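To start, the structure itself, in C-alpha cells.
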Amino acid sequence: MNEPAIAIVLLLVGLALLTLEVFIPSAGLIFLTAMATIGGSLWMAWKAWYEQSPVLWWSYLTGVVACVPLVICGSLYLIPRTRFGKYILLQAPELEDVTPFSEEQERLDALIGRQGQTLSILNPGGIVDVDGQRFHCESEGMIVDAQQGVEIVAVTGNRLIVRLAANDSETDSDAALGAPESTTGAVPDDAGSAVDFDVPDV
C-alpha cells in the first residue's frame with residue numbers, strides 16, 4: 001500500500017475514533033488514539049505530497065483541519081437522531097410523560113366556560129356538579145349557597161374556580177331590589193292592638 005492510500009486510511013480511522021469518543025467515555029484514551037492516528041495520516045501525506053505536490057499537501061492539511069470539528073459537531077447532532085443513536089443513548093422523556101396529572105389537567109381545563117350547580121355551600125371551597133360529575137371547587141372569595149348555578153372560570157391545581165352564573169346573580173339582585181322597604185312614621189293598622197293604653201281622639 002502506497003503512502004497516499006495509507007494517509008487516507010489513517011484519516012478515516014482517526015475520524016471514526018473521534019466519533020466514538022463522543023459517545024463512549026474513555027477518559028480521553030480514544031481521543032488520544034484518534035489524534036495519533038490523524039497525526040500519522042498527516043505524516044504519510046507529507047511524505048507523499050510535500051515535495052512532489054505542495055499544493056496537494058496543503059489542501060489535504062486544510063481538509064483534515066476542517067474535518068475534525070465537523071465530524072465532532074456532526075456526531076453530536078446527527079447520531080442521536082438515528083436508530084443506532086437512540087439505541088445507545090438514553091432518550092429524554094416527552095414533556096407529557098413527566099408532567100404530573102396531565103390528562104386530568106386537560107380534562108379540567110376543558111370545563112372552563114361550562115356551567116354547573118353547587119352541591120354544598122362554598123365557603124369558599126365545596127363541591128360542584130357539572131354534567132352529573134362531582135368536582136372540588138372554590139368560589140372567588142364569596143360564600144355561595146348550595147343548589148346555585150355557577151360558571152367555571154378557571155382551574156387551579158385540581159380545583160375549579162367558579163362564580164355565580166349570570167341568571168342566578170340577576171335573580172339575587174332582583175330579590176334584593178324587590179324587598180319591601182320600611183316607611184318611617186307609618187303606623188300599621190293593627191298598631192292599636194299592640195299597645196296597652198287608649199290613643200286619644202284628636
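Mind sorting TRP49, TRP58 by how few other Cβ atoms lie within 10 Å of their own Cβ, fewest first?
Details: TRP49 20, TRP58 12.
The fewest-first ordering by Cβ neighbours comes to TRP58, TRP49.
What list of ³J(HN,Hα) couplings, whole Hz, do you get for region 128-143 from phi and the Karplus terms 6.51, -1.76, 1.60, once you set θ to phi - 60° and write x for glycine and proline?
For region 128-143, the Karplus-derived couplings read 10, 9, 10, 6, x, 10, 8, 9, 6, 8, 9, 7, 8, x, 10, 7 Hz, x marking Gly and Pro.
Given the C-alpha centroids of region 43-81 and region 103-119, what is the distance between them in whole angstrom?
Using only Cα atoms to place each centre, the spacing works out to 62 Å.
Using 0.36 nm per residue of separation minus the Cα-Cα distance, give me the extension gain between GLN105 and TRP43 in nm, one decimal.
15.9 nm
Bear in mind that the values in this text are calculations on the coordinates, not laboratory data. None of these values were measured; they are calculated from a predicted model. For neighbour counting, all protein chains shown are included, and Cβ atoms are generated from backbone atoms with ideal geometry for every residue, glycine included.
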